[in-house]
Amino acid sequence: MGGLSRRAYLIETLSKNSATNLLLDSGNILFSSNNSSNVRTQDLLTADAILNIYNTMEYTAMAVGPLDLTGGIEYLRESVLKGSPWVSANIMTADNEPFFPPWIIQQTSNGKIGIIGITSYKAQLPEGFTATTWQDVLPDHIKKLSGTCDFILLLSNLDDEQNANIAAKYPQLHLIISANNRSGNKPPKLFNNTIITQTHTKGKYLGILKIDWSPELKIWENTEQNTSTIIAKLEHDLQNQIVDLRRDIEKNKTAITMMTDQKKHLAAFSANSNEQLTSTFSYRFRALSSKITENSEISSLTAQLKKHISKTNKKISKSQVTRYTSSLQPPSHDNYIEFAGSKSCSTCHDKQYTAWENSDHARAYSTLELKNQHYNLECLGCHVTHKMESNSIQNDDIYLLGLPKQLQSVTCESCHGPGKSHVDSLGQENTFRTIDESVCRQCHTVKMDNTFNFNTALQHLSCK
């Protein structure tokens, strides 16, 4: 969660240079899955911490997304009562009333800003609740806000096509911020007179949209593309070239005179330009890399969360250890093929075993121990040996907290698959899977290891 503390630092720094700042999120903030039947204690602790951090950063509004509802609709409603600024205009009760605030109005020095939230229809809701279509709810809300607000924006976790349809139908909307987890960073694009944009959903970027807005100038223009900005850039470039040339005035006298004249012509053209006045915007996506300073208060909150998770799961792990038999078989998982442990591999594959002992894979669990994260289920699944369908650890995999010592690292069987039947048959039975990039990518994802190269990694393993 280091991205949150870096985000907080950047927000604090940017706020010093701006009179009005809105902190907005279009949803899917709290959980990584929408499977409400597999919510762990750790997941709820993390969601609580995220809500606390967002409130500490004083977010203006957050749209309810499907992944925010994983902890239950009442859990989210309680957070509203505690001050979290959730909005959703289309999650309706059985009485056809919005369960969350459909919108909020933010007063700024430039006027009133109306912020509406729309939740994806993919949201899993309990009986008595529905996620209605935007066609059913937006007309009334936009009409109401148009009469009181100078600027209206929509926080939406609908798909791109739906957002474009909304922009085409409602020119009263000035901005749509989306949360499509397949799209990544999306530079602002004009649809009708509505800007649509989004920041990458994995928390690795801070999206910054700077708006120079006037209610009288309701036509958008990107400041990086308008005439005055282009002229200003040309003037700036010419001035820099003139400064360079003046280092040898005699040699470059003619060139200096020509460039000075060009600069004067540009200034005159800019002064006489009939360019239509517009409201303008500019943007950037700031990567939340480790080079950015972390906000100390938010960093402290994330550290507290890690300690809380470790303490909670450590208690759980004590009850898990006794569930193992001497054969390493987790008895609660009938479909779990038994593991032999890497030591068994050394009998016939001594060279490969020695190479593994000196690898990062062998030290995978100890790296978590050094950071006191060996009870963190978000990390543990990729630092131990288990039958892995994906790197997502669910509630029924809580037994990983009690794995025996032989499986507390990324062993041979993490990659090749369980091998007890191979060992018991003295090598006659081959149960191993082919190692291709998809096997490695279960853990070495772009999010967790963006420099991973399969061919290079394979050479370093020396499993030959």
The answer for V410, listing residues at least 5 apart or on another chain whose modeled amide H is closer than 5 Å to its amide H, is A364, Y365
V87's amide H: which non-local residues (gap 5+, or another chain) put their own amide H closer than 5 Å, with H modeled 1.01 Å from N in plane and none for Pro or chain starts? M62, A63, V64
Is region 51-101 rounded, prolate or oblate when judged by the Cα gyration tensor, a ≥ b ≥ c being the square roots of its eigenvalues, rounded requiring a/c under 1.5 and prolate requiring a/b larger than b/c? prolate
At a Cα cut-off below 17 Å, give the lysines reachable from K405, other chains included and same-chain residues fewer than 8 away excluded. K314, K318, K343, K387, K420
Please list, in order along region 295-303, the HN-Hα scalar couplings obtained from phi with the Karplus expression 6.51 cos²θ - 1.76 cosθ + 1.60 (θ = phi - 60°), rounded to whole Hz, x for Gly and Pro. 5, 5, 5, 5, 4, 5, 5, 5, 5
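What's the FRET efficiency of I208 with K318 using the Cβ-Cβ distance as r and R₀ = 51 Å, to the nearest 0.05? Could you put the intermediate results ahead of the total?
Details: r = 47 Å, r/R0 = 0.92.
It comes to 0.65.
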In sequence order, calculated HN-Hα J values of region 94-108 (Karplus, 6.51, -1.76, 1.60; Hz; x Gly/Pro): 5, 8, 6, 10, x, 7, 10, x, x, 7, 10, 10, 10, 7, 10
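Please say if region 129-212 is rounded, prolate or oblate, where rounded means a/c under 1.5 for a ≥ b ≥ c the square roots of the C-alpha gyration tensor eigenvalues, and otherwise the choice is prolate for a/b larger than b/c and oblate otherwise? It would help to have the intermediate numbers written out before the result.
On the way: a/c = 1.90, a/b = 1.31, b/c = 1.45.
Oblate is the answer for region 129-212, as a/c is 1.5 or above yet b/c matches or exceeds a/b.
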Pick out, in residue order, every one of the GluC sites (Glu not before Pro) in region 14-118 that is DSSP loop and has at most 16 other C-beta atoms within 10 Å; say none if there are none. E58
So if I take the centroid of the Cα atoms in region 1-62 and the same for region 103-138, what is the distance between those two points in Å? 19
Straight-line reach from K189: which lysines fall under 19 Å, measuring Cα to Cα and dropping same-chain residues less than 8 apart? K169, K210, K218
If amide H atoms are modeled at 1.01 Å from N in the peptide plane, then the residues at a separation of 5 or more from Q198, or on another chain, having amide H under 5 Å from its own are S178, K186
HN-Hα J couplings of region 363-371 from phi, Karplus 6.51/-1.76/1.60, θ = phi - 60°, integer Hz, Gly and Pro as x? 9, 4, 6, 5, 5, 5, 4, 4, 9
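Quick note: the coordinates plus some simple rules give every number you see, no bench work behind them. Since we're looking at a predicted model, the values are computed, not measured. Note that we place each Cβ from the backbone using ideal geometry, even for glycine, and neighbour counts take in every protein chain shown.
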